[in-house]
Each structure stands twice: as C-alpha cells, then as structure tokens.
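> Below you'll find the structure I mean.
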C-alpha cells in the first residue's frame, strides 16, 4: 500500500488520541452499511472486481460487502485504516474505472491490510451465499434433505448417457 501524507497523519493522530483518551474516542467511528451506502457500494465494486463472475447477482456482492464492513469493525486501528483505504479508493475514482484499470489498481493494494481483510472475508462469504449456489448449480448441503445416498446419488442428468457396448477387436 502506498504511504500517503493523509495516511501518516491519520495514523499518528489516531495513536495520539488512543494514547490520551483511550479507545472510547473511537466509539463513533463505525463502518455501518446502513448509514454509509456509498462505502458499501464502493466495497461491493472492489469485491466484484477482485472476484469477477458476470452471472452473480449484485445482491450477493452487496451482502458480502456488508460482511466485510462488519469484519472491519474489529478494532479502532483497523476501523480507521479501513475507512482511510475506502476514502483513498473513492478519491482515486475507483468506482468509475473500467474493470481492467480497477483490477490493476487493486493489484497495487494486494499486500495492504485493507485488501487482505477484504479478500479473506470475501472468499468465505461470497461462495457461501445460497443465491450464488443457485447460479453455480450447487444444491447446498444435503444433510437436511436426507443425505446423498437416499436422494439421487447418481442423478447425473447433466452428463450424456454412457455408451455400453463390447469392443469387437478384443475377442
């Protein structure tokens, strides 16, 4: 992640405030998707660029962004860094970039704590979404439906029927 003057000032200011006042000063800094729709949309764009699936619905990406925002509320320092990273993306015009330029911009951030948290949370959350399962053709877990053995263990209707015939030359 590129070190900017803004990031240095925010980090030093947060350290001074945390040392003098304690963590109560950060109680009002929350990444709340209900209050900050612009950050939610920007983060959903980040997730879509990092995990591009043209058939996935926008709602799955928005739910994933909500989960990432909730995960970013872990500590005051993490909240502040995450908010600063979202601000930097917004100032860079990330939402307006085409997919190739947006991906190139994300590659510059791949070692940043912001992106590591986003990637780790997205891998688990996005692919655990029932709406995504439907797009991928996954029926979900089978234990609540009786398991695989009792409900069509070999119902491979998407494969062609096997050709069963003897090979004449082998006799």
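> Of the residues 69, 43, which single one is under 24 Å from residue 135 (Cβ atoms), in contact with a helix residue (DSSP H, G or I) (Cβ under 6 Å, 6 or more places away or on another chain), surrounded by 14 or more Cβ atoms within 10 Å (Cβ to Cβ) and modelled with pLDDT of 90 or more?
43
> How many residues are part of a loop (DSSP other than H, G, I, E, B) and touching a residue at least 12 places away in the same chain (Cβ under 8 Å) if we restrict to segment 37-74?
8
> A further question follows. Just to be sure, is residue 92 more than 16 Å from the chain's Cα centre (by Cα) and modelled with pLDDT under 95?
Yes.
> Still on this model: Can you name the residue in segment 73-104 that is touching a helix residue (DSSP H, G or I) at 6+ places or on another chain (Cβ under 7 Å) and surrounded by fewer than 16 Cβ atoms within 10 Å (Cβ to Cβ) and, of all such residues, is farthest from residue 45 (Cα to Cα)?
Checking each candidate, the answer is 77.
> Quick check, is residue 100 modelled with pLDDT under 90, closer than 30 Å to residue 134 by Cα and in a helix (DSSP H, G or I)?
Taking the combined requirement at face value, the residue does not satisfy it.
> A follow-up question, please. (1) at pLDDT below 75; (2) loosely packed, with under 12 Cβ neighbours inside 10 Å; (3) in a loop (DSSP other than H, G, I, E, B): which one isn't true of residue 148, the others all being true?
If we test residue 148 against (1) at pLDDT below 75; (2) loosely packed, with under 12 Cβ neighbours inside 10 Å; (3) in a loop (DSSP other than H, G, I, E, B), just (2) comes out false.
The values are calculated or read from the model by the stated rules, or taken from the named source; none is laboratory data. What you see is a predicted model, and the numbers here were worked out from it, not measured in a lab. In this analysis, Cβ positions are derived from the backbone assuming ideal geometry, glycine residues included, and neighbour counts consider all displayed protein chains.
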